[in-house]
1. Among what's in segment 81-101 and is in contact with a Ser or Thr (Cβ under 7 Å, 6 or more places away or on another chain) and closer than 18 Å to ILE141 by Cβ, pick the residue that is modelled with the lowest pLDDT.
2. Does SER208 fit the bill of being of a type in the set (S, T, N, Q) and under 16 Å from ALA349 (Cα atoms)?
3. Which condition number does LEU37 fail, the rest of (1) touching a strand residue (DSSP E or B) at 6+ places or on another chain (Cβ under 7 Å); (2) more than 18 Å from ASN207 (Cβ to Cβ); (3) at pLDDT 95 or above; (4) surrounded by 13 or more Cβ atoms within 10 Å (Cβ to Cβ) being met?
4. State all residues of segment 292-318 that are closer than 30 Å to PHE235 by Cα, assigned to a loop (DSSP other than H, G, I, E, B) and of a type in the set (Val, Ile, Thr); if no residue qualifies, say none.
5. Looking at ASP369 and the list (1) touching a helix residue (DSSP H, G or I) at 6+ places or on another chain (Cβ under 8 Å); (2) surrounded by 15 or more Cβ atoms within 10 Å (Cβ to Cβ), which single condition is not satisfied?
6. Is it the case, given these coordinates, that LYS395 is surrounded by fewer than 16 Cβ atoms within 10 Å (Cβ to Cβ) and more than 22 Å from GLN271 (Cα to Cα)?
7. Tell me, which strands (runs of 3 or more DSSP E) wholly within segment 58-158 include 1 or more residues that are of a type in the set (S, T, N, Q) and surrounded by 18 or more Cβ atoms within 10 Å (Cβ to Cβ)?
8. In segment 343-356, which residue that is touching a Pro at 6+ places or on another chain (Cβ under 7 Å) and of a type outside the set (A, V, I, L, M, F, W, C) is nearest to MET214 (Cα to Cα)?
Amino acid sequence: MEKPTHEQPRPKRGQRAFHFDRHKRESRRTGRARVVLAHDWLVTQRGGEAVLDRIAGYVKAHHDPVALLTLFDRGVSVGASADQIPRLSPGLSRLPGASGAFRRWMLPLYPGMIKNLSSLAEALHAEEKIHLLISTSAGLIKNLPAPDDVPHLCYCHSPARWLWGQGEEYRRGKGGKARGLGLVLFGERLRQFDLSGTRSVSVFVANSNHTRRMIEDIYQRDAHVVPPPVRTKFFRPDPNTAREDFWLLVSALEPYKRVDLAIEAAAKARQRLIIAGEGTQMGWLKGHARHMANKYAGGVRGLIEFVGRVGDEQLLSLYRRASLFLFPQIEDFGITAVEAQACGCPVVARSAGGALDTVVPGRTGAFFDEPDPDALIEAAKSVSHDPKMCRASAKRFSEELFDQRMGLHIEQLL
């Protein structure tokens, strides 16, 4: 991981995770606060958007959400609560193709676009006082300055992976050389912007201990950990559904997700693998799967199956039937790994990142240390798990617990 040098701006250490003071809370005013939300971009519905929607639901229930600020808006649904909040985005986001794949090539423009969003927030504040800004970020939206005297609560999924620690992963797959060149040309300037911009964050909340440590290392800031909400009431085992002999991977098909590693391991083990998800690397990964099947499995067809983005019911069925769930990447948290465990499915995960918080080796799955197909295969062979323990472990991350934990942080700042 790249760390700030002595020449880079070093934000002052921020607030420590607060201790909830019930007497202080009861002594404050009881009116509904006006809250602005911010999210990196609204172009698809994945784990980050599920967190945003849950926070939006809490804000709608207890306060008044004024606007949802975002760098790019494709107009997609991201959840029932978040969809009801008016969205605002900068003018550049309306360029042809900007909210699609082209947004990745607009990185050098992000600081200016965030400045534009700041002006929109100031205008809202001038119209009627804003009491709190809440950003949910795995990129640069956390650098959005709040209006004067307005606290900024950042729920951080991860410092921008492509700037801090996983730049090499973004050089993989289709377009990897171009992405790598872009990071060489603009990475340092964006890191400087990221370091200085986070000074505006009043309180950091991290989604895992892994992310908390990254926030401390990079930004020299403290953070409290609130794991993301997992729909454990929906994702649950079915005693009438038998396990089948296939591995499962559910993921965005992007370079850092290491789907290529899972494909190579499955082909080498001659083990059927079902991949659910979509993303920019779909075409490249399908070609990689054919190559691996030819190399290790005599070109057998159907060994690696891509089913695209699936609905909730199909996903539930896959979790209930799979013999193993693969989690080959270093992830900030990993909601899908918890969803699988909620259905009683064991997880084989890289022994790093958020998986260290969610997988209990020997009881809910197994770890492998190196990003190597043989290491993954050996971990899969060694899996020992208790379906009831999988379920119990997953319930630590329920939606209800998220509401309680996150609600305390929100109320503390109002």
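1. The extreme case among them is SER99.
2. Considered against the rule, which asks whether it is of a type in the set (S, T, N, Q) and under 16 Å from ALA349 (Cα atoms), SER208 comes out as yes.
3. It fails just one condition, (2).
4. VAL310
5. (2)
6. No.
7. 64-73, 132-137
8. ARG350
The values are calculated or read from the model by the stated rules, or taken from the named source; none is laboratory data. Small disclaimer: the values here were computed from a predicted structure and weren't measured. Glycine gets a Cβ as well: all are built from the backbone with ideal geometry, and neighbour counts include every protein chain shown.
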